[in-house]
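Read through the structure below, which is laid out as structure tokens, and then see the notes.
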Amino acid sequence: MAEKIRAVAAAEDTTYDQLDEDFSEAVEDFIDEAANYLARLKAEPEEDFLELYFHLLDWQNLNLYYDEDRFTFFVPRKNTLRLICLDPSRVLSARRELFQSAVYFSATLSPMDYHSYCLGAGEERKTMVLASPFDPAHPLILHPPHLSTKYKDRARTLPEISRYLQAFSTTREGNFIHFFPSYAYKDQVYAACMEWEECGHDQARSMTEKERADYIDRFRNERPVHGYGVMGGAFSEGVDLSGEALMGVSILTLSLPGLSRERELIKNRFNRLGKDGYAYAYTYPGLTKVVQAAGRIIRSDSDRGQLLLLDDRYLRPDIRALLPAHWRVETVASVDDMIEKINAFWR
């Protein structure tokens, strides 16, 4: 089996619509032999062997869904083979049809056409958009439109980014989280902020469940705390920090996925369907993470807080159209202008 995998995954950045029958047969033969071996074994099996066995079972189960129009086999690096779902709509639609009806409910289902298609909601779907239950005046949403956080501009704008984060998180004492699109950019900005930062609380690249719980508990038990984290990670969604546990969030960039062969395959799939492939592969997933991260601020009717959007692209009409309708984004011309708006908001 190892020889078959090495043969298929010999060339990096290769895609396959189908794999040779010999490959599938080799995987099936190994699973059968491994199952027989485990059944005869008297002692505990080696952890690495057991992990390989279960990985191959997962691989076989995933292959049951294979459809060459919506999936592809991809070699991201030598000796590594992945099965990528380019379009989940048919698989999810088949699951939905097992039930009489289904309700999809989320605060981040915009744009509706994108999410309803990818979730396999079907052509006969009914949609409803409800107003936010929270007072739109409770978040102060700030945006300096001149400040770029694009990759090519990050070194140039780093000193000013640091000044904005300092003013944003120290004008009024409290707990804040600064969200980044990647660990690399987070580390770069965090290092620049060390000149003034005394309350930094950095998200590590690899954290145990206990370490994640301890990270969040600091916001509930201490003040001030300035978190530095990554969007789409453990702390930018599904975390409730009400009241004084969290006073504000800053979001750097649009959180678009980085250019990659995998994302380009997804883009090409939706372009072939006559849809906006770039938006489906990059823009919509990125802005969904932005809205999820911003949602950490207002968790109850009484919550108030600050949101800072750091990327000049938030000024673009197509990007503004993807932000929640109740967001009232205020332009700030400088750090001093932002400080004045923050002070006025809390008076």
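Which members of region 170-196 meet the condition of being more than 19 Å from the chain's Cα centre (by Cα) and touching a residue at least 60 places away in the same chain (Cβ under 8 Å)?
Applying the first criterion (more than 19 Å from the chain's Cα centre (by Cα)) to region 170-196 yields 170-176, 188-196.
If the condition is that a residue be more than 19 Å from the chain's Cα centre (by Cα) and touching a residue at least 60 places away in the same chain (Cβ under 8 Å), then Thr171, Arg172, Gly174, Asn175, Phe176, Val189 are the ones that fit.
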In region 235-269, residue modelled with the lowest pLDDT [restricted to those that are more than 19 Å from the chain's Cα centre (by Cα) and outside any loop (DSSP other than H, G, I, E, B)]: Gly243
Check on Glu237, out of contact with any strand residue (DSSP E or B) (no Cβ under 9 Å at 6 or more places or on another chain) and more than 23 Å from Tyr117 (Cβ to Cβ): no
Selected residue (criterion: surrounded by the fewest Cβ atoms within 10 Å (Cβ to Cβ)) from residues of region 200-230 that are free of Cβ contacts under 8 Å to residues at least 12 places away in the same chain and of a type outside the set (D, E, K, R): Ser206
Extreme residue, surrounded by the fewest Cβ atoms within 10 Å (Cβ to Cβ), among residues of region 310-347 that are under 29 Å from the mean Cα position of the chain (by Cα) and aromatic (Phe, Trp, Tyr): Trp327
The lone exception for Thr80 - which of (1) among the hydroxyl-bearing types (Ser, Thr, Tyr); (2) exposed (fewer than 13 other Cβ atoms within 10 Å of the Cβ); (3) within 30 Å of Glu123 (Cβ to Cβ) it fails: (3)
Qualifying residue in region 175-187 (condition: part of a loop (DSSP other than H, G, I, E, B), surrounded by 19 or more Cβ atoms within 10 Å (Cβ to Cβ) and either at positive phi or hydroxyl-bearing (Ser, Thr, Tyr) (or both)): no
Subset tally (residues that are touching a helix residue (DSSP H, G or I) at 6+ places or on another chain (Cβ under 7 Å), polar (S, T, N, Q) and at negative phi) for region 238-257: 1
Any strands (runs of 3 or more DSSP E) falling wholly within region 12-107 and containing at least 3 residues that are among the aromatic types (Phe, Trp, Tyr), over 30 Å from Ser132 (Cα atoms) and not assigned by TED's automatic domain parsing to the domain that holds Ile266: 71-75
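The values are calculated or read from the model by the stated rules, or taken from the named source; none is laboratory data. Predicted model only: the values in this text are computed from it and were never measured. Neighbour counts are summed over all protein chains in view; Cβ atoms, including those assigned to glycine, are modelled from backbone coordinates with ideal geometry.
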